[in-house]
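Asker: This is the structure I have questions about; it appears just below.
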Amino acid sequence: MTTILPTPDRLRSRSAAVLMALLLSVISFAAHASEDLHMAPISLEDRIKAADYIVEGEVVAQRSFWDTRQEFIYTAHTVRLFKVFKGELKERQVEVITEGGTVGLAMHTVSSALQLQKGQQGMFFLSKGAPIGIAGSATSIIAQPYASRQGFVRYDLERGTATDPFNQYRSVQEVYKTVTSRMGRQYQTVNANDKLESGLKAQLQQQSTQATQAPSITGFSPARTSAGTGAILTITGTGFGSTRGNGFVEFPNADDGGTTLVRPYPSDYVSWTNNQIRVVVPSYTQTGGTAGTGRIKVTANDGTSDTSDGTLMIEFAYSNVVAEGGNTPFQPALIDANRNGGYTIQFAPSLQGRAAAQEGFRRAVNNWVCTTNVNWTIGANTTVENAADDGRNVIRFAAPSVTGQGVLARTISKYRGCVAISGTRRDTTFWLTEFDMEINSTMPWQYGPGGPSATQYDFETVILHELGHAHQLGHVIMPNTLMHYNIGRQKQIRDLTAPDIAGANLVINRSLNPLPCGGQSPMKKKLDGDCNLAAEIFTFDASFTNAGAVNVIWTTSTEQGIARFVVQRSQDGQQWEDVGEVPATGQAKDYTFTDRDPLPRRSYYRLRVIYTDNSEAFSGRVQVLNPSDLRVFKVYPNPIGLTANANGTPSETLQIEYLVRSTSDLTIQLYDLQGRLVRDLKTTLTDGTDLVEINVSDLPAGTYVLRWSEGSNNGVTKVVKVQ
């Protein structure tokens, strides 16, 4: 049974009841959340085992900076230590590096990254060392959160509770007990945590006062709204205070399903009186996170609070950004980054050998393009294999050490801004310069078009969601919508819902207007995507003949206004060439065209339908596999280590190509010359997947023997690794 911590109800009980409620609230408790937050859960045992350091601390300072290559922005958080649970640390503070941040008017955001705010406390699970491209320090310990967001258990000092993405704890003491019991040792106290130790006393005192003096929410409007769009929520009631002072409004955090609460920036408050509060519903908040669906909470200047009985529905969120040192959120715009109206998407080498993944990605892109006219084009492949700030929109597979352990996929959005000054008026504008996407290569993906099994994640669903982030949409708490904050195994949402479309259209409309500064051209709607399908094509197929040619066959339902059919062919599904033309007969019939010089391995065919007015439309496309390339084992590079990655380091990934027509298991074993088994894996191939990657970075230079088998087919080959 899964138990979810409730949002605190208004307290109207007597002092004795308040005391009893307080005692009950610190009863030991931990529960797994039932859904996957676009990541796979990493157990506490695995986090304890993998982390180099486990510490309790508070973020006391922050600074964002570029790496040494000016490719990525990171944020360094100075964490003052209170307790050490694992690792030898003589220092009283550590520098925790997270991905993303803001330097001046340049900003990077990472959809799955841990976000920390100054003043936050919690337990950190850390991997020692800095990311590549960041210089180390001789005077302080530098570390990174293990498993991204799962590397931090966040404390709520006001309530004495704690949360991480998959667990909720009734008390911080329960966190201590859970960790120390699994480690079999006690923690070391470095500094007294005065804020935490005084929290229980302050909570009891506050709740006793609240029993008779708490503010009371009687209503709010509207009941349905959006976040990050400038929409204003009006809250009515009594006892709010004549001025805000240190008071605040809180919303459920859409990034974690409402487990925590988020607070607007001071600039988001429109007015505050004893009986009414007017506040902008935020998507970028003072405490990190996005306002989501749920009950709202008002805390008055004296610390007393109340939570609404009704639920506010937030249907979509427009992602906002804030300049360095600022406190005013802005809505970023999409621009004409490729001088063709929008953004050109490129597949990195790690994606180029995975045809089924490319097809699933294209379907997701087409879904967005055909629904909202966002100007995305899938261009030629790239040799770049990273997510640098380089003007490219690179899509790639990456190891969990890059994406974060347990993260399904992540979108890295890069922004620039400018300030237009007119007299005393200052207009700040931000725009999206590029976005990159990194997909966890180790997840059990179902690439489609079939549905996922009970153990698989649906690739197209996850990509649609991540493209939503690139479209500048944030998370919501609305099950069965695309931008819902979580996705589990077997979950499948391959169509945009009304709230997703409404939010995306708002972004598009904002992006069509000229920017007041920065010299950037606005985005243009894309009206020529693959969604321009010819309704007259009833069926379309292609297949190899025994003679080694390809027969392209189609049937029309009507031919009114059609002049001719052009047969097109592509090796990668992106760049198309005309290979033949067939005139229309003017009436519905069956057609056949034979391509006598087909391409090797995998290729694609489609029709370009030309009408009598010279307009055109397309058929869907089909994939064909060349029989001469089926079940042929290829391994490269061999030797390993002579080719380089995009960053100049030697490539230490062995790639195996094996083309099959139907689902089949491929077994691969790698032995050293002493006969020791150093790699043993079994992978399932389909007609859409033919590439297997093996990381051999931990193996010494030398000669190895690779044995493989698939059904009745098997073989042995030598593989050499050089320094």
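Asker: Can you give the relative contact order of the chain as a percent, counting alpha carbon pairs under 8 Å and 6+ residues apart?
Answerer: On the way: 1778 pairs, mean separation 70.1, N = 723.
That works out to 10 percent.
Asker: Sorting check: for 580-587, 46-53, which peptide has the highest mean count of neighbouring beta carbons within 10 Å, and how do the rest follow?
Answerer: Working: 580-587: 13.0, 46-53: 17.4.
Most protected by this proxy first, the peptides run 46-53, 580-587.
Asker: Any chance you could run the full-extension gain for GLN575 through THR717? It's 0.36 nm times the residue separation minus the Cα-Cα distance, nm to one decimal. Walk me through the intermediate numbers first.
Answerer: Values: separation 142, 0.36 × 142 = 51.12 nm, distance 3.45 nm.
Between GLN575 and THR717, full extension yields 47.7 nm more.
Asker: Rounded to two decimals, what ratio of Rg to Rh does the range 630-721 give with C-alpha atoms and a Kirkwood Rh?
Answerer: Working: Rg = 13.4 Å, Rh = 13.8 Å.
Ratio of gyration radius to Kirkwood radius for the range 630-721: 0.97.
Asker: From the residues GLY294, GLY247, ALA317, which one has its Cα farthest along the dipole of the range 214-317 in the positive direction, the dipole being from +1 and -1 charges on Cβ of Lys/Arg and Asp/Glu about the Cα centre?
Answerer: Farthest towards the positive end: GLY247.
Asker: Round to the nearest 0.05 the FRET efficiency obtained for GLN173 and LYS90 when R0 = 30 Å and r is the Cβ-Cβ distance. Before the final figure, lay out the partial values.
Answerer: Values: r = 26 Å, r/R0 = 0.88.
The value I calculate is 0.70.
Asker: Still on this structure, please answer the following. Along the charge dipole of the range 537-626, pointing to its positive end and built from +1/-1 on Cβ of Lys, Arg, Asp and Glu, which listed residue (ALA617, SER543, PRO583) has its Cα farthest out?
Answerer: In the range 537-626, that residue is SER543.
Asker: If each of LEU512 and SER422 carries a label point 7 Å out from its Cα toward its Cβ, how far apart are those two points in nm?
Answerer: For the pair LEU512/SER422, the computed spacing is 2.2 nm.
Asker: Convert each backbone phi in the range 161-169 into a coupling constant with the Karplus relation 6.51 cos²θ - 1.76 cosθ + 1.60 (shift: θ = phi - 60°), then list the ³J(HN,Hα) values in order as whole Hz, x for Gly and Pro.
Answerer: Ordered by residue, 3J(HN,Hα) equals 9, 8, 9, 9, x, 10, 9, 10, 10 Hz.
Asker: May I pose another question? Specify the inter-centroid distance of the range 351-373 and the range 517-567, based on alpha-carbon positions, in whole Å.
Answerer: Taking the Cα centre of each part, the range 351-373 and the range 517-567 sit 16 Å apart.
Asker: Next up: Which GluC sites (Glu not before Pro) in the range 49-122 pass both tests, a DSSP loop state and at most 10 other beta-carbon atoms within 10 Å?
Answerer: Values: sites: GLU56, GLU58, GLU71, GLU88, GLU91, GLU95, GLU99; in loops: GLU71, GLU88, GLU91.
Answer by residue number: GLU88.
Asker: Packing-wise, with mean Cβ within 10 Å as the measure, how do 521-533, 216-228 rank, highest first? Write down the numbers at each step before the final one.
Answerer: On the way: 521-533: 15.7, 216-228: 17.9.
With the highest mean Cβ count within 10 Å placed first, the list reads 216-228, 521-533.
Asker: Could you please rank THR229, THR442, placing first whichever residue has the fewest other Cβ atoms within 10 Å of its Cβ?
Answerer: On the way: THR229 20, THR442 13.
Fewest-to-most Cβ neighbours within 10 Å comes out as THR442, THR229.
Asker: A further question follows. Taking N as the number of residues in the chain, what value does Rg over Cα atoms divided by 2.2 N^0.38 Å take? Working shown, then result.
Answerer: Numbers: Rg = 28.4 Å, N = 723, 2.2 N^0.38 = 26.8 Å.
For the chain, the normalised Cα radius of gyration comes out at 1.06.
Asker: With the crude spin-label approximation of a point 7 Å out along Cα→Cβ, what separation in nm comes out for SER198 versus ALA50?
Answerer: Using points 7 Å along Cα→Cβ, the separation is 3.8 nm.
Asker: Using 0.36 nm times the number of residues separating ALA380 and SER242, minus their current alpha carbon distance, what extension gain do you get? Each step should come with its number before you reach the end.
Answerer: Numbers: separation 138, 0.36 × 138 = 49.68 nm, distance 6.08 nm.
Result: 43.6 nm gained on full extension.
Asker: Also: Sum -39500 (n - 2.57) across every DSSP H segment of at least 4 residues in the chain, then divide by the residue count to get the 222 nm mean residue ellipticity, nearest 500. Walk me through the intermediate numbers first.
Answerer: Working: 9 runs with 102 residues, N = 723.
Mean residue ellipticity at 222 nm (helix-derived): -4500 deg cm²/dmol.
Asker: Next question, about the same structure. So how many Å³ per residue does the convex hull of the Cα atoms of the range 214-317 work out to?
Answerer: Cα-based convex hull of the range 214-317, divided per residue, equals 81 Å³.
Asker: Arrange the following residues from fewest to most other Cβ atoms within 10 Å of their Cβ: PHE544, PHE593, PHE361.
Answerer: Listed from fewest to most nearby Cβ atoms, that is PHE544, PHE593, PHE361.
Asker: By how many nm would the segment from ASN695 to ARG679 lengthen if fully extended, with 0.36 nm per residue of separation less the alpha-carbon distance? Show your work: numbers first, answer last.
Answerer: Working: separation 16, 0.36 × 16 = 5.76 nm, distance 0.97 nm.
Here the segment from ASN695 to ARG679 would lengthen by 4.8 nm.
Asker: Under a point spin-label approximation (7 Å from Cα along Cα-to-Cβ), what is the ALA563-SER216 distance to one decimal in nm?
Answerer: Label-label distance for ALA563 and SER216, simple model: 7.7 nm.
Asker: Long-range amide H contacts for VAL476: which residues qualify at under 5 Å (H placed 1.01 Å from N, peptide plane, sequence gap of 5 or more or a different chain)?
Answerer: HIS484, TYR485
Asker: Separate question: Which order, highest average first, do 252-258, 370-376 follow once you tally other Cβ atoms within 10 Å for each residue and take the mean per peptide?
Answerer: Details: 252-258: 24.6, 370-376: 21.4.
For the peptides 252-258, 370-376, the packing ranking is 252-258, 370-376.
Asker: Select from the chain the helices, each a whole stretch of DSSP H, whose alpha-carbon atoms run 18 Å or more along the helix axis and whose Kyte-Doolittle mean is at least -0.5; answer none if there are none.
Answerer: Correct list, ordered by number: 355-372, 498-511.
Asker: Right, something else. Once each part is reduced to its C-alpha centroid, what is the distance from the range 236-300 to the range 421-473 in angstrom?
Answerer: Cα centroid of the range 236-300 versus Cα centroid of the range 421-473: 27 Å apart.
Asker: On to the next question. For a Förster distance of 60 Å, can you work out the FRET efficiency between the beta-carbons of GLN62 and ASN614, rounded to the nearest 0.05?
Answerer: Details: r = 59 Å, r/R0 = 0.99.
Given R0 = 60 Å and the Cβ-Cβ separation, E is 0.50.
Asker: Pairs of Cα atoms under 8 Å, at least six residues apart: use those to get the relative contact order of the range 630-721, whole percent. Write down the numbers at each step before the final one.
Answerer: Numbers: 185 pairs, mean separation 27.0, N = 92.
Relative CO of the range 630-721 lands at 29 percent.
Asker: Ranked by Cβ crowding within 10 angstrom, fewest neighbours first, how are SER619, SER662, SER709 ordered? Each step should come with its number before you reach the end.
Answerer: Numbers: SER619 22, SER662 7, SER709 16.
Arranged by neighbour count, lowest to highest, SER619, SER662, SER709 become SER662, SER709, SER619.
Bear in mind that the values in this text are calculations on the coordinates, not laboratory data. Note that the coordinates shown come from a computational prediction; the quantities given were computed from them, not determined experimentally. Neighbour counts run over all protein chains shown; Cβ positions are idealised from the backbone, glycine included.
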